[in-house]
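Enquirer: My questions will all concern the structure given below.
Every number here is computed from the coordinates shown, using simple stated rules; none is lab data. None of these values were measured; they are calculated from a predicted model. Note that we place each Cβ from the backbone using ideal geometry, even for glycine, and neighbour counts take in every protein chain shown.
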Amino acid sequence: MQRTHIWNQLDLCRRKAIAACFIFLISNGLLAQERHITFHHSGNDDQFLSYGFFLAAHNSTLRVKYSEAFMDPSHPRLSNVRAVMPSYSPGFALGFLVTTRIHDQLNVLLTPKVAFYEYKTDLQVFTDGTNTTGGAGINTISLMTEETLVELPLLFKYKSERFNNTRMFFIGGLNGQLRTKNQEEADEDPIVLRGRDVALEMGMGFDLYFKFFKFSPEIRFSHGLTNLYRPGFGDARVTEAIDDIRRKSITLYLNFQ
């Protein structure tokens with residue numbers, strides 16, 4: 001009995017020693033790993049002003065609100081109009097970053113850019129088959145409006161505390177938009193929009209620090225605040241069926257500083 005008790009004690013001590021060695025090795029490994037992490041100072045986070053550029057790809061659409069005339073079945077030009085359905089269309093943008101440091105975790109950004117948009121709208125109309133080969137039914141007509149906008153977003157960027165070479169951030173603000181072509185030229189489009197707009201923008205992303213630059217992927221949502229509807233111009237089946245048009249887009253930004 002005494003011999004067995006001694007062996008049990010030795011076995012218990014051996015297990016404790018193995019566990020202690022294992023914990024010691026892991027802690028030393030983690031400390032060594034932390035000591036070998038290189039903290040990159042790219043991105044000029046400590047400077048009052050810093051600069052960069054970005055590339056962006058977006059999906060954009062128009063939000064429409066139907067007019068009272070659309071609900072009137074006796075309206076002469078809308079009796080055969082079934083629906084006006086905008087859909088998302090791709091585009092791209094490029095621009096510059098001007099970052100002002102307010103605090104280590106708060107920045108103000110001015111990001112002027114040039115953006116290229118396409119707005120696709122499907123107009124569904126009833127047909128009686130007299131002028132079409134497909135017989136009576138619903139015919140879909142695709143209308144396309146193209147725009148080039150000069151945009152001046154003014155944004156606030158709130159960042160988390162830096163963890164190694166990574167930071168998460170939230171961003172939001174207002175975006176002033178100005179179309180490059182004049183209104184007379186835009187009046188020839190099937191869906192006519194006004195040339196000026198203000199949009200509310202909100203998004204999130206990550207700051208990734210590398211040796212020579214900071215890379216910040218970001219996704220941002222934009223909602224137009226201004227009614228762009230211009231009555232009396234464009235395709236009458238569309239313009240008389242709606243009385244409110246606003247822009248909407250989802251954009252992926254690739255920022256470099």
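Enquirer: Quick one: 65, 157, fewest Cβ neighbours within 10 Å first, how do they rank?
Expert: Taking fewest neighbouring Cβ atoms as first place, the list is 65, 157.
Enquirer: Can you pull the one-decimal nm distance between simple spin-label points at residue 254 and residue 83, each 7 Å off the Cα toward Cβ?
Expert: So the label points at residue 254 and residue 83 sit 3.6 nm apart.
Enquirer: At a Cα cut-off below 23 Å, give the lysines reachable from residue 214, other chains included and same-chain residues fewer than 8 away excluded.
Expert: The reachable lysines, counting only those whose Cα sits under 23 Å from residue 214, are 113, 157, 159.
Enquirer: Please report, to two decimal places, log10 I(q)/I(0) for the range 49-169 at q = 0.21, 0.22 Å⁻¹ as given by the Debye formula with identical point scatterers on the Cα atoms and no solvent.
Expert: The Cα Debye sum returns log10 ratios of -1.17, -1.21.
Enquirer: A follow-up question, please. Whose amide H sits under 5 Å from the amide H of residue 214, counting only residues 5 or more places off or on another chain, with H placed in the peptide plane?
Expert: Under 5 Å from the amide H of residue 214: 43, 257.
Enquirer: Here is a follow-up. If amide hydrogens are placed 1.01 Å from N in the peptide plane, which non-local residues have theirs closer than 5 Å to the one on residue 75?
Expert: none
Enquirer: Which ³J(HN,Hα) values, rounded to whole Hz and listed in residue order, are derived for the range 103-120 from phi using the Karplus coefficients 6.51, -1.76 and 1.60 in 6.51 cos²θ - 1.76 cosθ + 1.60 with θ = phi - 60°, glycine and proline given as x?
Expert: Per residue, the Karplus-derived 3J(HN,Hα) values read 8, 4, 10, 9, 10, 10, 10, 10, 10, x, 8, 10, 10, 10, 10, 10, 10, 9 Hz.
Enquirer: Amide H neighbours of residue 204 under 5 Å, at least 5 residues apart or on other chains, H built in the peptide plane: list them.
Expert: For residue 204, the qualifying residues are 171, 219.
Enquirer: Now a separate question. Taking the Cα-to-Cβ direction at residue 57 and at residue 160 and moving 7 Å from each Cα, how far apart do the two end points lie in nm?
Expert: Modelled inter-label distance: 2.6 nm.
Enquirer: At a 10 angstrom cut-off on C-beta neighbours, averaged per residue, how do the peptides 44-54, 91-101 rank from highest to lowest?
Expert: Answer by packing, highest mean first, reads 91-101, 44-54.
Enquirer: Convert each backbone phi in the range 162-169 into a coupling constant with the Karplus relation 6.51 cos²θ - 1.76 cosθ + 1.60 (shift: θ = phi - 60°), then list the ³J(HN,Hα) values in order as whole Hz, x for Gly and Pro.
Expert: In residue order, the calculated couplings are 6, 10, 6, 10, 9, 9, 9, 8 Hz.
Enquirer: Using every pair of alpha-carbon atoms in the range 49-256, split the distances into 5 Å bins beginning at 0 and state the percent of pairs per bin, rounded to integers.
Expert: For the range 49-256, the binned pair fractions read 1, 7, 13, 18, 14, 12, 10, 8, 6, 5, 3, 2, 1, 0, 0 percent.
Enquirer: Whole-Hz Karplus ³J(HN,Hα) for the range 187-192, in order, using 6.51 cos²θ - 1.76 cosθ + 1.60 and θ = phi - 60°, x for Gly and Pro?
Expert: Using θ = phi - 60°, the values come out as 5, 8, 6, x, 10, 8 Hz.
Enquirer: Using the 10 angstrom Cβ neighbour count as an exposure proxy, how do 58, 41 rank, fewest first?
Expert: Sorted ascending by nearby Cβ count, the order is 41, 58.
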